[in-house]
Structure formats: C-alpha cells, structure tokens
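**Student:** This is the structure I want to talk about, given as structure tokens.
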Amino acid sequence: MKVLFIDSGIGGLTTLAQTVKIIPNLNFIYYADDKYSPYGSLNSEQIVTRLKTIINRFLNHNIGMVVLACNTATACGIDILRNIYNFPIIGTEPAIKPASEKNNRIIVLATPATTKNNRFFKLVKNCPCSVEITPMPALAKQIDNYYLLGDALSKDEIDITINHISHLAEGKTHIVLGCTHYVHLKRLIKSRTKKQVIDGNLGVACRVKSLISDKFLSIKPKQKFILSSKNKHFAIKYKKIFLQTLANIDNV
Ligand code: DGL
C-alpha cells in the first residue's frame, strides 16, 4: 500500500522529506500538479476539482492514505475530500499554534487562496497574540522556477522577495511559513531576518506516522514522482530536490 502526497509543485517535497525522515521505508507516490500551478491563484472550486481528479486517478493504485502536502489544497479542499473518500486524508496547515504565546507578534506568509479561506480565518481567530497575514501571490511559482530552472532571473526574484519578507517581518517575533513551497527557503529566511521561522511539516509527518501500518512499508520502498505536465526532465529534478531536502532536514 502507498501514501499519495499531492502538491502543485515542489513545495510538498519538504513535507514528504520530513515524513520519510521519520518513516524511511514508506511507499509513496508524490504527485505534482504543475500543469495547474500555482494553486494559490485558483479559486476553491477549481482546486477541489483538481484534487478529486488526481485522487480518482489513483484509486486503483493501492493508495491507502492521502497527504495534502499543500496548505492551499488543505484550506480549500480537505473537508470536502474527507466526506467523499474513506481512507485517511491528512492536511497541512499554517503552524500558527506553536508560535502563539501571549506576547509574540506573528506574521503568516501564505498564498492568496489560503489567506481568503474560512478554515484559515478560524485558525487565526483562536490565536491569543497579534497575527499579521500576508498573501504572497508570486512566491510559490518563483520557488518552483528557482529550483527547477536555476537561472539568474529566478535567483534575483527570490532575492528581492526575501528582502521584502525581511522588511515585512520587522517588529515581529515569528514568521510562520503557511505554504510548503516557502519551507525550501526556511534557512535563508531565518538567516536574513534573524526571526524564529516555523513550518508545519513535522506535525504532518508525525500524524502520518501515527496512522501508518506495516502494509505501507517495504524494505525496498516503492517511491514515485509524477507530474501532471508529464515533464520527465523535471520529474528527475524532483527526485533530486527531494533527496537534497531529506539530507538537509537536521540543519534547518
Ligand atoms: N505549496 C502550496 C501551499 O502550501 C501551494 C503553492 C501554490 O501552488 O500556490 O499552499
């Protein structure tokens, strides 16, 4: 049996890497819906349609669990999906709770679709300290481009965005990364802003571990990367980025 991880691009590789770090023999399929990315610019209905299409496609592939390795997909779709499918569906949400102590001042960076979502508002509402919400309309795509193309333009764009984040984070104590893509830049954001930078991946990985049984594990695990664009060159890069992310996890 396998776990199906879904994201719009390379963001969910950070969730996957954290999960494989604590469950090394996990059988999984990583599905990147790159043909329809960024999800953050779609509306909820479009996102739910994509998620249902993807999950239905894999129903006969021995899938026993789905991880929405994407805050946007979780915010827009998890309640609907849980009413349709009868296997566990794990979501990824901005890790506001671990940062919510009374005198903290939090800034949450997330996609426009997440910051407009009711599920997300509820999370923020229950927080006992000040929370500023900042939509980042271009960042997820910039990160995909930076890691997949590695050209000078993408590098410059990322640099400008991190300067912008440093500026936004002035006077704050914590930066919450409310999009799995941003976790790829965690170390960079931390060193530039000197703030506490938090993501939700460990929580997701632990939740998966608590629900996993031996039938999801193999000595030689079956691990596949599939892209909706069918770009084979990128699929190879995804595997490399996953392995690099996995190797660096302890340092982040
Ligand atoms: N990685 C996703 C998230 O956590 C979505 C990025 C996007 O496609 O906009 O929200």
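**Student:** Would you please list the contacts, defined by Cβ atoms under 8 Å and residues six or more apart or on different chains, that run from a residue in the range 204-218 that is farther than 10 Å from I22 by Cβ to a residue that is of a type in the set (K, R)?
**Tutor:** What qualifies is F216/K2.
**Student:** Are there helices (runs of 4 or more DSSP H) fully within the range 109-160 with at least 2 residues that are under 15 Å from the mean Cα position of the chain (by Cα) and modelled with pLDDT of 95 or more? List them.
**Tutor:** Working: elements: 112-115, 118-125, 139-148.
So the answer is 112-115, 139-148.
A quick yes/no check of all residues on (1) under 17 Å from D33 (Cα atoms); (2) surrounded by fewer than 19 Cβ atoms within 10 Å (Cβ to Cβ); (3) touching a strand residue (DSSP E or B) at 6+ places or on another chain (Cβ under 7 Å):
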position	(1), (2), (3)
T49	yes, yes, no
K52	yes, yes, no
I55	yes, no, yes
A69	yes, no, yes
R82	no, yes, yes
N86	no, yes, no
I89	no, no, yes
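**Student:** For the range 158-180, enumerate the residues that are out of contact with any strand residue (DSSP E or B) (no Cβ under 8 Å at 6 or more places or on another chain) and under 30 Å from V67 (Cα atoms). Before you say what the answer is, go through the steps one by one.
**Tutor:** Step one: of the range 158-180, the residues out of contact with any strand residue (DSSP E or B) (no Cβ under 8 Å at 6 or more places or on another chain) are 158-164, 166-167, 170.
Answer for the range 158-180, where residues must be out of contact with any strand residue (DSSP E or B) (no Cβ under 8 Å at 6 or more places or on another chain) and under 30 Å from V67 (Cα atoms): I158, T161, I162.
The values are calculated or read from the model by the stated rules, or taken from the named source; none is laboratory data. The model shown is predicted, which means the values in this text are computed figures rather than measured ones. FYI the Cβ positions are ideal-geometry reconstructions off the backbone, even for glycines, and counts take in every protein chain you see.
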